[in-house]
1. Counting only C-alpha contacts under 8 Å and six or more residues apart, can you give the relative contact order of the chain as a whole percent?
2. For residue 203, enumerate residues with amide H under 5 Å from its amide H, sequence gap 5+ or separate chain, H modeled in the peptide plane.
3. Want the number for residue 228 to residue 153: 0.36 nm per residue separation, take away the alpha-carbon distance, what's left?
4. Between residue 74 and residue 165, how many nm apart are label points set 7 Å from Cα along the C-beta direction?
5. Can you tell me the order of 185-194, 170-179 when each peptide is scored by its average per-residue count of other Cβ atoms within 10 angstrom, highest first?
6. If the elastic network links every pair of Cα atoms under 10 Å, which of 217, 38, 20 fluctuates the most in the Gaussian network model of the chain?
Amino acid sequence: MESFKKHWSFKPFQAKPPWGVGFSFFLAILAIPLLDAGVVVWARNVGFLDSNFDASNMTFIVLQLTVLLMELVFIGLVLKAKVKDKRLFSLKPVTKALGLIKPTKSQYSELLKTAAGYFFVLFFILSPLVGLLPESITSQEQQIGLDKTTTSMLEIALSGLILLVLVPIVEEVLYRGVVFRSLTRSMTMPIAAVVSSVLFALAHFNIVVGIDTFVLGILLCLVYSRTKNLWMAVALHSVKNSIAFVLLFFTNT
């Protein structure tokens, strides 16, 4: 039991982030969704999307790339204002505050251990439990704008850039680096992990995906708190997304 607690317990952050809970929730619940909605409305008005918000795969891919890059730039700028860095082209104070630092061997060890724990839970606990849910729930598909009709190597490569690189970076910066860190200022680490993971799950608008995402969120908070390195959370998120990427483009399921 002591060994279990030693390896699977949260470690408090030594320094408080320069952003609070109110700012974090404003960013995650209002500002970023409004930014996304604005891009979609603009795309429809200029004809990139039709009246049903449908478009070709490449158009969806370009729009997703645009949205993710805009989110990353926007988050970086508002966090830069929070850390009160007056250097115009420097993001070092922001990346340092988030924990986007060079990983160490011990941090990689924590990453591998947490990844093993996640996949154990995914395949031996979550999958059987999801199988007990009604088909009306399990048959829901998460709409990500990418599908198996994507056959161009360029489209697949860009989709990989989205799912394996940009999405993990943006979501980890937002939900772990900003939201989770801010919550630890006023509540215990486990409760902060639960609250931020609920928010993370709700953002996926799918019950089955939300269950998986909630569990993933808890473990992402865990590896972030234990390593103090947000790149470890990004890496685990990317590994998880690689499964979806392979299933989407390289299997017949």
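Any read-out appearing in this document is the output of simple, stated calculations on the displayed coordinates, not a laboratory observation. From a predicted model like this one, the values you see are computed outputs, not experimental measurements. Because the Cβ atoms are built from the backbone with ideal geometry, glycine has one as well, and the counts that use them run over all protein chains shown.
1. Computed value for the chain: 31 percent relative contact order.
2. none
3. In short, 23.3 nm is gained.
4. About 2.2 nm separates the two model spin labels.
5. Order by mean packing, descending: 170-179, 185-194.
6. 38
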